[in-house]
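Below is one structure, written out as structure tokens; the observations come after it.
The values are calculated or read from the model by the stated rules, or taken from the named source; none is laboratory data. As the structure is a prediction and not an experimental result, all values here were calculated from the model. Neighbour counts are summed over all protein chains in view; Cβ atoms, including those assigned to glycine, are modelled from backbone coordinates with ideal geometry. Accessible surface is based on the protein model in full, side chains and every heavy atom, while ligands, DNA and RNA are left aside. Shrake-Rupley method; radii C 1.70, N 1.55, O 1.52, S 1.80 Å.
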Amino acid sequence: MSISNEEVTYVSKLARLRFNEEETNKMAEELGSVLDYVATLNEVDTKDIQPTEHILPVSNVFRDDVVGTPLSNDVALSNAPDQENGCFKVPRVLD
Amino acid sequence: MEYEVVVGMEIHAELLTKTKIFCSCPTKFGDPENTHTCPICLGMPGVLPVLNKSVVKYAVRAGLALNCKIANFSKMDRKNYFYPDLPKAYQTSQYDRPLCLGGTVNINVNGKTKPIGITRIHIEEDAGKLLHESSDGTLVDVNRCGVPLIEIVSEPDIRGPEEARIFAEKVRNTLEYTGVSDCKMEEGSIRFDVNVSVREKGSKELGTRTEMKNLNSFRALERAIKYESKRQIIELKKGHSIVQETRKWDDVKGISSAMRSKEDAQDYRYFPEPDLVPIVISDDEIKKAKDQLPEMPEAKKERYMAEYNLPEYDANLITSTKETARFFESTVNLCNHPKQVANWLMVDIPAHLKEKDLTMDTIPFSPEDLAELINLIQDGTISGKIAKSVMEKMFDEEGSPKEIVEKHNWAQMQDTGELKSIIEKIVQDNPKSVSDIAAGNKKAYGFLTGQVMKATKGKANPQLANKIIREVVSKKIDE
């Protein structure tokens, strides 16, 4: 099980990453070997095993619908690289 | 060639919880930007979201009200995308194991009942608001991030713009009735996405569809589908094919246009949310939730027809919104004249609400006031005609019906003595009417009644006035 350069380019685009040709080759090679390693799991006989829906054997963890204290506007924006009128400011996006 | 318009809908409704879906920030609408945030809804690293119990409760209730099967097991997933309306770069939603599956909504189209299938309902978080008012960037308000939503997905069973509107109204009323959402269109708490395609009539295959998102009124919904289906038919007639795309509906111009197409097809790379554990609901809990459902519009309508003897037409209108039905029942409990109460709620009240740009939620008087008004007509204090003027003043918030009648001196004259002397004078002044009546022309009574109403500015009780006129006239003839 290996991964093609096209797949690497597609996945990196989705992750907003840009690789040159050399990096793409390297990624395909390294990711391919990771996938090959994981693929050894396919050899396990899972005939009598229930499919795993979640990694933890826990369900129904809820909170009550009670209002807490939110952060103040200044604190909320204190990590923002840029802000205006009490808002986070990001590069212009089109609707 | 005749074409058929096929529509499928996705309806997003904000749930009426006090807090967000995964944190204790308030969900209140209209507060200053970025004042309802915390590390969880801001998407800070290392935080742990915990699901709000009421979200599950409300979503199950919505599912049951829309006749869905509630899943015994469901889970949350991450939907990955880059857009600044969600700081986490993913939306926590449900993918392959939604909370509710396979429901039906019965709609009334031209007097016939038609079932529309509900594919699924899932729970998810709302995204933030982008404000495009800065000259050199986009501003982000995170207040709405994490407000709980249900997404209701319909089957492509809807045929045309009118059915789409009726379906959307029915879903909205159901959500309102069950109290899971306030469904305020103007605050965006319910939004419609539509998938529109056209096909040759009789064809079984679906045509290529286009999508329009975030339509926020029934009118926009209906117009957008009308425009888009026409556009597709024209394209097909020209021999062009339909491009599958998302289109933007411009409600001011009344046209749809293609949005800047993305180079790649959407690929959300859904995967199970590792920070949130599955939701397990037993059959017992589902049954309990079902037993707690309030009376739905259809059941209410049947009851109004049986219990209050209302015609089907009236019962339909009165139960069309929760508030109207509540107002009706409260008023009828105070004055037992259901048909009169229904008449006010179907004719005069909607007209005034429309004129004043109000709704049944913001009506400026109470069921007690309407009951008082009807009692004033019933006991003969005012005529039906004066009652309409009293209603007008009730909308102007001049006070209770009794206070208004007193203030404007609108009570009918109950004093027989006073009325009698007015009538005697009128009969005296109109000898021709008396001789006409003596000669057998009964129409002259009408003229005299008119004169009495004019002299009393409409305050004479018409029955009483007629009785006295007859007495006075026959006495006069006898003379």
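Across peptide B:183-190, what mean number of C-beta atoms from other chains lies inside 10 Å of a residue's C-beta? Before the final figure, lay out the partial values.
Working: counts 0, 0, 0, 0, 0, 0, 0, 0.
The shielding value for this peptide is 0.
Please determine, in degrees from 0 to 90 and to the nearest 10, the orientation of helix A:5-14 with respect to the longest principal axis defined by the Cα atoms of chain A, where the helix direction is its Cα long axis.
So the inclination is approximately 20 degrees.
Excluding residues fewer than 8 places away in the same chain, name every one of the lysines whose C-alpha is closer than 16 Å to that of B:Lys237.
The qualifying lysines are B:Lys201.
Rounded to a whole number, what is D in µm²/s for the range B:416-478 from Stokes-Einstein with the Kirkwood radius over alpha-carbon pairs (25 °C, 0.890 mPa s)?
Numbers: Rh = 11.4 Å.
The estimated diffusion coefficient comes to 216 µm²/s.
Using a Cα-Cα cut-off of under 29 Å, which lysines could be cross-linked to B:Lys475, ignoring same-chain neighbours fewer than 8 residues away?
Answer for B:Lys475, where 29 Å is the Cα cut-off: B:Lys420, B:Lys425, B:Lys432, B:Lys442, B:Lys443, B:Lys454, B:Lys457, B:Lys459, B:Lys467, listed by chain and number.
Extending each Cα 7 Å along its Cβ direction at B:Thr113 and A:Leu56, get the distance between those two points in nm, one decimal.
Inter-label distance under the simple model: 4.5 nm.
What shape does chain A have by the C-alpha gyration tensor, where a ≥ b ≥ c are the square roots of the eigenvalues, rounded means a/c under 1.5, and otherwise prolate means a/b greater than b/c and oblate the rest? Spell out each step's value before the answer.
Values: a/c = 3.89, a/b = 1.31, b/c = 2.96.
Oblate, because a/c is 1.5 or more while a/b does not exceed b/c.
Please name which of A:Asn79, A:Thr52, A:Tyr37 has its Cα lying farthest along the dipole of chain A towards the positive end, using unit charges on Cβ (Lys, Arg +1; Asp, Glu -1) and the Cα centre as origin.
After comparing all options, I get A:Asn79.
Cα centroids of the range A:3-55 and the range B:16-36: how far apart, whole angstrom?
Here the answer is 39 Å between Cα centres.
Could you derive backbone 3J(HN,Hα) for the range B:349-358 from the dihedral phi with the Karplus parameters 6.51, -1.76 and 1.60 (θ = phi - 60°), listing whole Hz in sequence and x where the residue is Gly or Pro?
Ordered by residue, 3J(HN,Hα) equals 4, x, 5, 5, 4, 4, 4, 8, 6, 10 Hz.
Peptide B:46-54: average number of partner chain Cβ atoms within 10 Å per residue? All intermediate terms of the calculation are to be shown ahead of the outcome.
Values: counts 0, 0, 1, 1, 4, 4, 5, 6, 5.
That average works out to 3.
Counting only residues 5 or more places away or on other chains, whose amide H sits under 5 Å from the amide H of B:Thr138 once H atoms are built in the peptide plane?
Close amide H contacts, sequence-distant or interchain: A:Val90, A:Arg92, A:Val93.
Take peptide A:75-88, look around each residue's Cβ out to 10 angstrom, count Cβ atoms belonging to other protein chains, and average those counts. Don't skip to the answer; put the middle values down first.
Working: counts 3, 11, 5, 0, 2, 3, 0, 4, 4, 8, 8, 6, 14, 12.
Whole-number average of other-chain Cβ neighbours for A:75-88 is 6.
Over the Cα atoms of chain B, what radius of gyration and what Dmax do you get, in Å?
In Å, with Rg to one decimal and Dmax whole: 30.5, 105.
Could you tell me the relative contact order of chain B? Use alpha-carbon pairs under 8 Å, at least six residues apart, and round to a whole percent. Write out the running numbers ahead of the final one.
Values: 815 pairs, mean separation 65.0, N = 479.
About 14 percent, as a whole number.
If you keep only loop residues by DSSP, which trypsin sites (Lys or Arg not before Pro) in the range A:9-63 have at most 16 other Cβ atoms within 10 Å of their Cβ? Numbers along the way, then the final one.
Working: sites: A:Lys13, A:Arg16, A:Arg18, A:Lys26, A:Lys47, A:Arg63; in loops: A:Arg16, A:Arg18, A:Lys47.
Filter output for the range A:9-63: A:Arg16, A:Arg18, A:Lys47.
Would you tell me the accessible area of B:Leu42, worked out with a 1.4 angstrom probe on the heavy atoms of the protein chains, in Å² to the nearest 10?
20
Kindly provide the chymotrypsin sites (Phe, Trp or Tyr not before Pro) of the range B:10-113 that DSSP labels as loop, not H, G, I, E or B, and whose Cβ sees at most 11 other Cβ atoms within 10 Å.
Values: sites: B:Phe22, B:Phe29, B:Tyr58, B:Phe73, B:Tyr81, B:Phe82, B:Tyr90, B:Tyr95; in loops: B:Phe22, B:Phe29, B:Tyr81, B:Phe82, B:Tyr95.
When the chymotrypsin sites (Phe, Trp or Tyr not before Pro) of the range B:10-113 are filtered for loop state and at most 11 Cβ neighbours within 10 Å, B:Phe82 remain.
If I model a spin label as a point 7 Å beyond the Cα along the Cα-Cβ vector, how far apart are those points for B:Glu406 and A:Ala80 in nm?
The two pseudo-label positions are separated by 5.6 nm.
Where the centroid of each part is defined by its Cα atoms, how far is the range B:431-467 from the range B:194-273 in Å?
Centre-to-centre distance over Cα atoms comes out at 67 Å.
Could you pull out the pairs from B:Lys20/B:Lys226; B:Lys88/B:Lys184; B:Lys356/B:Lys402; B:Lys300/B:Lys393; B:Lys69/B:Lys300 whose alpha carbons sit more than 25 Å apart here? Mind dumping the intermediate values first?
Working: B:Lys20/B:Lys226 36 Å; B:Lys88/B:Lys184 27 Å; B:Lys356/B:Lys402 23 Å; B:Lys300/B:Lys393 31 Å; B:Lys69/B:Lys300 23 Å.
Listed pairs above 25 Å: B:Lys20/B:Lys226; B:Lys88/B:Lys184; B:Lys300/B:Lys393.
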